[in-house]
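*Asks:* I'd like to ask some things about the structure below.
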Amino acid sequence: MKIVNYLLDSGPSYGVLKNDRVIDLASRLPYRDFNHFISASGDKHITEIVDSNRGDFKYGSLSLLPIVPNSGKIICVGLNYEDHRLEAGRDTTEHPMIFARFKESQIGHNKPIWRAPKVSTELDYEAELLVVIGKQTPRYTKRQDALSYVFGYSCYNEACHRDWQFHTRQLTPGKNFEATGSSGPWLVTADEIPDPHNLHIEMRLNGQVMQSANTSQMIWPVDVLIEYITSWLPLSPGDTIVSGTPGGVGFKRKPPIFMKPGDIAEVEIEKIGILKNTIEDEPHF
């Protein structure tokens, strides 16, 4: 299934994409909160609703929200592709680099990514596979069991203000500017992607390919990441893992390429779709 979150006049809602229309589930199920819906995804009533309805809204008419609007934890992985580690000039590490994002930095498909020119014009792109946890995932989950806890996958553009990322050793400020972390165009449930470790991933800026790789090139695959993360923290339904970006980022190009107002950024991942965002200067400027 392809699942989307969106904003109606009555408030946030979620539904299943069927052809070019969306079947609203929030109005038909007792799970008003999307994270509760994720945890109840085995409910057979969901399949009955999808099979018996043609759709309530045109997908293209909806104001889309982030893939998981209220993710309890947004865990990000740095330097997870060897070509990106090399272009960044970083040493190899025994364990993954982990940092966090916050929900205020998140936006959905077809929404503008904001540049913050009052403090920075170094807005970079990062194409990544987004992993959504579907079940309570206990401490010390083993690698061989890890994928059974995944609800689904989506595309992610982890846009960041590079100069703020390097103010100190901590990445957090540059990775958390408002309206910079985009996900979409929908969430594809894990049953449609049994192997997340063999997907072509591509980033295009104004139609030009900037990043092109395969998730098989991850240094720490999704199952290893879940095993590592649960060594120190349990995961819950709706938690997300932003799994790292390949080489080809803008700030390492010569000359550097940063996103600017009017640009169109696209992240395409095999078996998922194309996430698209325009770039705008934030309205606070």
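*Asks:* Sort out which residues of segment 160-187 are touching a residue at least 60 places away in the same chain (Cβ under 8 Å), in contact with a helix residue (DSSP H, G or I) (Cβ under 9 Å, 6 or more places away or on another chain) and small (Gly, Ala, Ser), and write them in order of number.
*Replies:* Listed by number, the residues that qualify are Ala179, Gly181.
*Asks:* Exactly one of (1) charged (D, E, K, R); (2) touching a helix residue (DSSP H, G or I) at 6+ places or on another chain (Cβ under 9 Å); (3) outside the structural domain of Ser182 (by TED's automatic domain parsing) is unmet by Asp56. Its number?
*Replies:* The number of the failed condition is (2).
*Asks:* Further, regarding this structure: Among (1) in contact with a helix residue (DSSP H, G or I) (Cβ under 8 Å, 6 or more places away or on another chain); (2) surrounded by fewer than 20 Cβ atoms within 10 Å (Cβ to Cβ), where does Ile75 come up short?
*Replies:* Result: Ile75 fails condition (2) only.
*Asks:* Another question about this same structure. Which ones in segment 232-263 are in contact with a Ser or Thr (Cβ under 8 Å, 6 or more places away or on another chain), touching a residue at least 60 places away in the same chain (Cβ under 8 Å) and of a type outside the set (Lys, Arg)?
*Replies:* First, pick out the residues of segment 232-263 that are in contact with a Ser or Thr (Cβ under 8 Å, 6 or more places away or on another chain): 234-240, 243, 246, 248, 258, 260, 262-263.
From the residues that got through so far, the ones that are touching a residue at least 60 places away in the same chain (Cβ under 8 Å) too are 234-240, 243, 246, 248, 258, 260.
Within segment 232-263, Pro234, Leu235, Ser236, Pro237, Gly238, Asp239, Thr240, Ser243, Pro246, Gly248, Phe258 qualify.
*Asks:* A further question follows. When segment 224-246 is examined, which residues are found to be surrounded by 18 or more Cβ atoms within 10 Å (Cβ to Cβ), in contact with a helix residue (DSSP H, G or I) (Cβ under 7 Å, 6 or more places away or on another chain) and farther than 14 Å from Gln136 by Cα?
*Replies:* Scanning segment 224-246 gives Ile241, Ser243, Thr245, Pro246.
*Asks:* Can you spot a residue in segment 82-95 that is modelled with pLDDT under 95, surrounded by fewer than 19 Cβ atoms within 10 Å (Cβ to Cβ), of a type outside the set (A, V, I, L, M, F, W, C) and under 25 Å from Ser236 (Cβ atoms)?
*Replies:* No - not one qualifying residue is present in segment 82-95.
*Asks:* I'd like to know if segment 75-95 contains one or more residues that are of a type in the set (Gly, Ala, Ser) and either closer than 20 Å to Glu192 by Cα or outside the structural domain of Pro256 (by TED's automatic domain parsing) (or both). Walk me through how you get there before you give the answer.
*Replies:* So the first thing to find is which residues in segment 75-95 are of a type in the set (Gly, Ala, Ser), and the list is 78, 88-89.
Now restrict to residues that are either closer than 20 Å to Glu192 by Cα or outside the structural domain of Pro256 (by TED's automatic domain parsing) (or both): none.
No, there is no match, as no residue in segment 75-95 is of a type in the set (Gly, Ala, Ser) and either closer than 20 Å to Glu192 by Cα or outside the structural domain of Pro256 (by TED's automatic domain parsing) (or both).
*Asks:* Would you point out which residue out of Gly238, Gly262 is more than 15 Å from Val77 (Cα to Cα), within 19 Å of the chain's Cα centre (by Cα) and not acidic (Asp, Glu)? If you could, list the steps in order and put the result at the bottom.
*Replies:* Details: Gly262 fails: within 19 Å of the chain's Cα centre (by Cα).
Sole residue among the options that is more than 15 Å from Val77 (Cα to Cα), within 19 Å of the chain's Cα centre (by Cα) and not acidic (Asp, Glu): Gly238.
*Asks:* Same structure, new question: Among the residues of segment 171-228, which ones are out of contact with any strand residue (DSSP E or B) (no Cβ under 8 Å at 6 or more places or on another chain) and either of a type in the set (Lys, Arg) or part of a strand (DSSP E or B) (or both)?
*Replies:* Gln208
*Asks:* Looking at (1) hydroxyl-bearing (Ser, Thr, Tyr); (2) buried (at least 18 other Cβ atoms within 10 Å of the Cβ); (3) at pLDDT 95 or above, can you tell me which one Tyr31 breaks?
*Replies:* Checking Tyr31 against (1) hydroxyl-bearing (Ser, Thr, Tyr); (2) buried (at least 18 other Cβ atoms within 10 Å of the Cβ); (3) at pLDDT 95 or above, the one that fails is (3).
*Asks:* Restricting to segment 147-158, and then to whatever is more than 16 Å from Ile274 (Cβ to Cβ) and of a type in the set (Gly, Ala, Ser), can you tell me which residue is surrounded by the fewest Cβ atoms within 10 Å (Cβ to Cβ)? Quick ask: steps written out before the conclusion?
*Replies:* Taking segment 147-158 first, the residues more than 16 Å from Ile274 (Cβ to Cβ) are 147-152, 158.
Filter once more, so that each one left must be of a type in the set (Gly, Ala, Ser): 148, 152.
Details: Ser148: 13, Gly152: 26.
Residue satisfying both the conditions and the ranking: Ser148.
*Asks:* Follow-up question, since we're still on this one. Of everything in segment 188-220, what is without any contact (Cβ under 8 Å) to a residue 24 or more places away in the chain and either outside the structural domain of Ile274 (by TED's automatic domain parsing) or of a type in the set (Val, Ile, Thr) (or both)? Give them in sequence order.
*Replies:* The answer is Val209, and nothing else.
The values are calculated or read from the model by the stated rules, or taken from the named source; none is laboratory data. Nothing here was measured: the structure is a model prediction, and the numbers come from that model. Glycine gets a Cβ as well: all are built from the backbone with ideal geometry, and neighbour counts include every protein chain shown.
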